[in-house]
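Let me begin by presenting the structure, written as structure tokens, before commenting on it.
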Amino acid sequence: MASRGNWNSKVGFILAASGSAVGLGNIWRFPYTTGKNGGALFVLVYLISVIVIALPVLLAEVSLGRFSGKNPVGAFKELRPKGGWKYLGYLGVITGVMILSYYAVIAGWTVGYFVKAVTGKFNQLDSAASAQIFGGFVSDWKLQLLLLAIFIFLTVYVVSKGVSGGIERFSMILMPMLFGILILLLIRSVTLPNAAAGLEFYLKPNFDALTPKVILEAMGQAFFSLSLGMGTMITYGSYVSKGENLPSATGWIAFFDTFIAVMAGFIIFPAIFSVGMDPAGGPGLVFNILPVIFSKIPGGIIFGPLFFALLSIAALTSTISLLEVPVAYFIDEKKWHRRTAAYIVGFVTLLFGVPSALSQGGLEWFSKLPYVNMSFLDLWDLIWGNLSLSIGAFFVAIFVGWIWKSSNALMEITKGTENFKFAFFWMIAVKFISPALILVILLSKIL
Ligand code: TRP
């Protein structure tokens with residue numbers, strides 16, 4: 001174990017896992033997916049999904065990771081050497097590469113916007129000017145490729161240095177600072193003229209809008225935001241020491257993550273309605289509106305750059321956790337050196353990222369794929385960031401609940417704590433509720 005690395009403390013694990021969970025999923029993906037799916041009803045379904053479906057899976061993944069001390073492929077192999085379970089691990093390894101490939105494109109936007117903010121490009125901006133800047137930015141394909149490459153390199157660099165050294169230290173300072181700026185933005189946004197319309201959109205559910213698509217996307221968002229369904233939390237759990245209280249740690253992680261996403265919505269929607277933008281604007285939504293908010297804040301010239309810097313780092317602590325899964329696989333199972341694994345997987349990811357980087361206007365064909373009628377980035381996000389994670393989470397729940405068995409998992413979970421009040425609920429959730437709901441939701445969308 002020692003040679004694989006360990007977190008230095010309980011707080012270390014909570015911070016690193018929250019660092020993985022909190023990222024663009026909260027501040028970029030949650031608001032735009034909420035906007036696309038009609039607002040408040042989506043938020044409600046999302047919150048229910050987090051508690052009923054995702055949180056039990058989170059505890060399942062972390063306990064499986066700590067018990068086996070392995071990457072996802074190794075964990076399934078160790079517990080069930082025969083049968084197809086190891087393929088679930090492989091699916092996670094591939095999904096990690098694929099999510100990282102487009103996630104790093106958006107992370108590149110945060111770096112680009114940091115530079116724009118520092119150089120004063122966002123002074124006194126209205127929404128039309130902001131949209132123009134965004135449009136020009138994302139269709140500049142050379143710049144997009146450069147930013148993608150930079151971000152993947154940063155991720156590779158940190159991962160090549162190893163787990164506890166790099167990841168924990170980042171998360172420690174970053175989270176409270178990001179939180180502080182978010183509060184500031186929130187106060188400004190909800191006091192803008194016509195903010196009430198945005199709050200209504202965000203908080204007052206319209207139950208007529210309930211469709212299988214809304215439910216699937218809300219559930220997918222819950223998995224995405226908590227970094228579930230591809231073995232990230234199995235891998236991170238493998239670095240947790242036995243004395244730690246897993247139920248309380250996972251509860252905090254889910255709480256932080258959800259809180260920050262909900263805050264992001266309170267920032268984005270009042271501002272969107274205040275300037276009369278379309279909440280269903282897609283992946284560019286947040287990048288279109290944030291500069292406008294900053295130009296309406298006293299000191300925005302300072303807070304703007306600071307915010308985009310912090311968001312870049314929040315994205316980095318997430319991309320690290322995406323890359324860590326395939327890297328841990330090659331280290332454990334193929335005996336590669338950490339450095340070699342990080343650089344090779346990083347290079348492959350970069351290649352897969354190219355179409356996404358060109359898909360927001362850089363190259364016509366990738367921006368609106370024939371047949372599916374969406375951009376490559378949207379398609380990749382749907383396949384890997386939603387469907388694959390849902391399938392992965394389903395099988396993890398089945399594996400922990402029925403194959404490894406929830407009673408064995410509970411023995412692992414209660415190693416760091418005598419009283420796990422929700423033990424019974426968790427057992428029911430992981431064996432029945434979670435997998436049944438995931439299956440029904442997936443099928444209802446397909447059929
Ligand atoms: N949860 C992160 C976010 O919200 C993204 C992320 C990191 C992720 N690791 C993951 C998503 C594993 C799915 C699976 O930004």
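The values are calculated or read from the model by the stated rules, or taken from the named source; none is laboratory data. Keep in mind that what you see is a predicted model, and the values were worked out from it rather than measured. We place every Cβ from the backbone using ideal geometry, glycine too, and count neighbours over all the protein chains shown. For accessibility, only protein heavy atoms count, side chains too; no ligands or nucleic acids. Shrake-Rupley method; radii C 1.70, N 1.55, O 1.52, S 1.80 Å.
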Counted charge near Val275, where neighbours are those whose Cβ lies closer than 11 Å (Asp, Glu -1; Lys, Arg +1):
-1
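Summing +1 for each Lys or Arg and -1 for each Asp or Glu, what net charge is found among the other residues whose Cβ lies under 12 Å from the Cβ of Pro291?
Here the count lands on +2.
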Net charge around Gln132, counting only other residues with Cβ within less than 14 Å of its Cβ (Lys, Arg = +1; Asp, Glu = -1)?
0
Give me the accessible area per residue for the chain, probe 1.4 Å, as a whole number in Å².
38 Å²
Packing rank of 383-393, 346-356, where each peptide gets the mean count of other beta carbons within 10 Å, highest leading:
383-393, 346-356
For the chain, with a Gaussian network of springs between Cα atoms less than 10 Å apart, report the residue from Val50, Val73, Val118 with the top mean-square fluctuation.
Val118
Calculated [θ] (222 nm, deg cm²/dmol) that DSSP helices of n ≥ 4 give over the chain, each run adding -39,500 (n - 2.57)
-23000 deg cm²/dmol
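Could you grab the relative contact order for the stretch 25-117? Cα pairs under 8 Å, six or more apart, rounded to a whole percent.
13 percent
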Using only the alpha carbons, work out the radius of gyration and Dmax of the stretch 15-159 in angstrom.
19.5, 63
Nearest 10, in degrees from 0 to 90: the angle of helix 300-334 to the longest Cα principal axis of the chain is 30 degrees
What FRET efficiency comes out for the pair Leu439/Leu210, r = Cβ-Cβ distance, R0 = 30 Å, nearest 0.05?
0.95
Helix 285-294: angle to the longest alpha-carbon principal axis of the chain, degrees 0 to 90, nearest 10?
60 degrees
Carbon-plus-sulfur fraction of the accessible area of the chain, 1.4 Å probe, in percent?
70 percent
Expressed as a whole number of Å, what is the distance separating the alpha-carbon centroids of the stretch 354-397 and the stretch 258-299?
23 Å
Normalised alpha carbon radius of gyration of the chain [divisor 2.2 N^0.38 Å]:
0.93
Among the listed pairs Lys70/Lys445; Lys82/Lys415; Lys36/Lys204; Lys77/Lys335; Lys70/Lys415; Lys142/Lys213, which are separated by more than 24 Å between their Cα atoms?
Lys70/Lys445; Lys82/Lys415; Lys142/Lys213
Projected label distance in nm at Leu382 and Gln132, using a 7 Å step from Cα toward the beta-carbon
3.3 nm
Between helix 10-21 and the chain: long-axis angle, C-alpha atoms, 0 to 90°, nearest 10:
50 degrees
Length gained, Asn419-Lys242, 0.36 nm per residue minus C-alpha separation, equals 62.2 nm
Of Ser18, Ser274, Ser189, the most mobile residue in a GNM of the chain (C-alpha springs, cutoff 10 Å) is Ser274
